[in-house]
Amino acid sequence: QVVNYAPFTLLPSAVPRALFEQAYAVQQDFNLLVDAISQNKEFLEQTLASTIKVDDFTAQLFRIYMQVLEEGLAQTVFLGINRSDYMFDCGLDGTAALRQIEINTIAASFGGLTSRTADVHGLVLKVLGKTEEASHLLPNNPAKGLALGIAKAWELYGSQRAVVMFLVEEIQRNIFDQRCVENELWSRNIRVIRKRFRDVFEQGSLDASRRLYMDGQEVAVVYYREGYVPQNYDQQNWEARLLLERSRAVKCPDIATQLAGTKKVQQELSRPGTLEKLLPGRPEAIARMRATFAGLYSLDEGEEGDMIAATAIADPDRFVLKPQREGGGNNLYGEELRQVLEKIKDSPERTSYILMDKIKPQPALNYLLRAHSPLQVSECISELGIFGVYVRQGQELVLNQAAGHLLRTKAIEHADGGVAAGVAVLDTPYLV
């Protein structure tokens, strides 16, 4: 295979300092929230009830979740690595507001490559004679923060000989991003192995106390870098996933945390009173999170869903239609949104989607450097992600922090999609 450089912007992009700081300030709250949802069986059952009737993938994840709960969890240490993504919504008066797009609770990527991006942009600015501006770029090393979380979970698991297993795809285009995190672990003398679902099916086993072994090596932590889309699974892979979930190993994420990241859960969180139920006695945290929410609407069957569907069909440019999928490139906009809603408006299938207000950022000019692409100036918009890491042992939260940031930028003609989907490129925030 031919290796290409990861795509990036020629210049760093301006980001309002106040919004950047707001995104960092709320990350620990979102970590707490994701962890609370993952422990709330009743909330997950109620919230996903309509979705699992029409979305096979979510239903299969949910079946494994219920099976593992009924059997009793062997896992006692829990590790969350998530990334909360935002855009800067430009109001009619020109002021920008931070609006959460989604929270990724599985395989949140680019913590590695983006650890290198600020150095690239610092060099570009110096070459352009902008030494003063180069000195303003913030250092950023999410790879180190993510590795810290994995290392803490490994340590609490309590076996020096045990390894960390990166669960990876058959063909891994994004391998260098993962290597950055992996190398941080090796530097702490923690052994890392890389395996696919297929390997788990063929070589994985549990002993009597449900410790996980791969090829005779005990596994302390399973770090998923795949398993978030239906294409990642066949019958064997589902069986491998069940084996992993039943084990004592620390899963990042465990299946409950993966379900906590579904779009349906995101939409439910925006309903009045929901956050208060999930995080009682934390009004300040709730206010900080709610300040970042965009308008989210349910398409469940009934009067409310009918009304929202009709509104979106009449004015599709106001909204984004989102299925229960991770990995970018799945959302629907404009005419396509209208056509799909027209088709499913009277069918239960519509409950597998949520509707969200379309965010309207202010475009800026930049050059997007991509292998085999012409170099031209483009009108671009950016999306800011904040990485969060937490570790819980039993009921005690032993680590909860923001672990760095990721700025991705794309030309405005691309409505949807991230770096891995081939649309966005890596960027560095220049705070203004």
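The values are calculated or read from the model by the stated rules, or taken from the named source; none is laboratory data. Keep in mind the model is a prediction, meaning the values are calculated, not measured. As a convention, Cβ positions derive from the backbone with ideal geometry for all residues, glycine included, and neighbour counts pool all protein chains shown. Accessible surface is based on the protein model in full, side chains and every heavy atom, while ligands, DNA and RNA are left aside. Shrake-Rupley method; radii C 1.70, N 1.55, O 1.52, S 1.80 Å.
Some observations on this one:
- Backbone HN-Hα couplings from phi across region 90-106 [Karplus 6.51/-1.76/1.60, Hz, Gly and Pro as x]: 8, x, 4, 8, x, 7, 9, 10, 7, 10, 6, 8, 5, 10, 9, 10, 9
- Cα-based convex hull, region 118-242, per residue volume (Å³, whole number): 131 Å³
- The Cα atoms of the chain cover 62, 58, 47 Å along the three principal axes, with the biggest extent listed first.
- For the pair residue 96 and residue 187, a Förster radius of 45 Å applied to the C-beta separation gives a FRET efficiency near 0.70, rounded to the nearest 0.05.
- The Rg/Rh ratio of region 295-358, with Rg taken over Cα atoms and Rh as the Kirkwood radius over Cα pairs, comes to 0.92.
- In sequence order, calculated HN-Hα J values of region 77-82 (Karplus, 6.51, -1.76, 1.60; Hz; x Gly/Pro): 10, 10, 10, x, 10, 10
- Kirkwood-Stokes translational diffusion coefficient of region 187-266, alpha-carbon pairs, 37 °C, 0.692 mPa s, µm²/s: 244 µm²/s
- The chain - percent relative contact order, Cα under 8 Å, separation 6 or more: 28 percent
- Along its three principal directions, the equivalent ellipsoid of region 178-337 from the Cα gyration tensor extends over semi-axes of 38, 20, 16 Å, largest first.
- Principal axis dimensions, region 263-333 - Cα atoms, whole angstrom, descending: 40, 31, 19
- With a Förster radius of 35 Å applied to the beta-carbon distance between residue 349 and residue 218, the computed FRET efficiency rounds to 0.20.
- P(r), alpha carbons of region 110-178 - 5 Å bins starting at zero, rounded %: 3, 14, 16, 16, 14, 13, 9, 7, 5, 2, 0
- Surface share of carbon and sulfur [accessible, 1.4 angstrom probe, percent] for the chain: 50 percent
- Whole-angstrom gap from region 179-219 to region 49-125, using each part's C-alpha centre: 23 Å
- Centre-to-centre, using Cα atoms only, region 239-294 and region 10-38 are separated by 16 Å.
- Farthest toward positive dipole pole in region 295-358 [+1 Lys/Arg, -1 Asp/Glu at C-beta], among 310, 351, 330: 330
- Couplings 3J(HN,Hα) of region 288-294, computed from phi: 5, 5, 4, 5, 9, 6, 8 Hz, in residue order, whole Hz [Karplus 6.51 cos²θ - 1.76 cosθ + 1.60, θ = phi - 60°; x for Gly and Pro].
- Take every pair of alpha-carbon atoms less than 8 Å apart whose residues are at least six positions apart; their mean separation over the length of region 147-230 yields a relative contact order of 43 percent.
- Per-selection Rg to Rh, region 60-185 - Cα, Kirkwood hydrodynamic radius: 1.08
- Calculated accessible area for region 295-358 comes out at 46 Å² per residue, all protein chains present (probe 1.4 Å; ligands, DNA, RNA ignored).
- Listed peptides 392-403, 216-227 by packing density, highest first (mean Cβ within 10 Å): 216-227, 392-403
- Over 21 Å (Cα to Cα) - which of 358/410; 144/251; 144/263; 264/410; 53/277 fall in this group: 144/263; 264/410; 53/277
- Rg then Dmax, both in Å and based on the Cα atoms of region 230-291: 16.2, 45.
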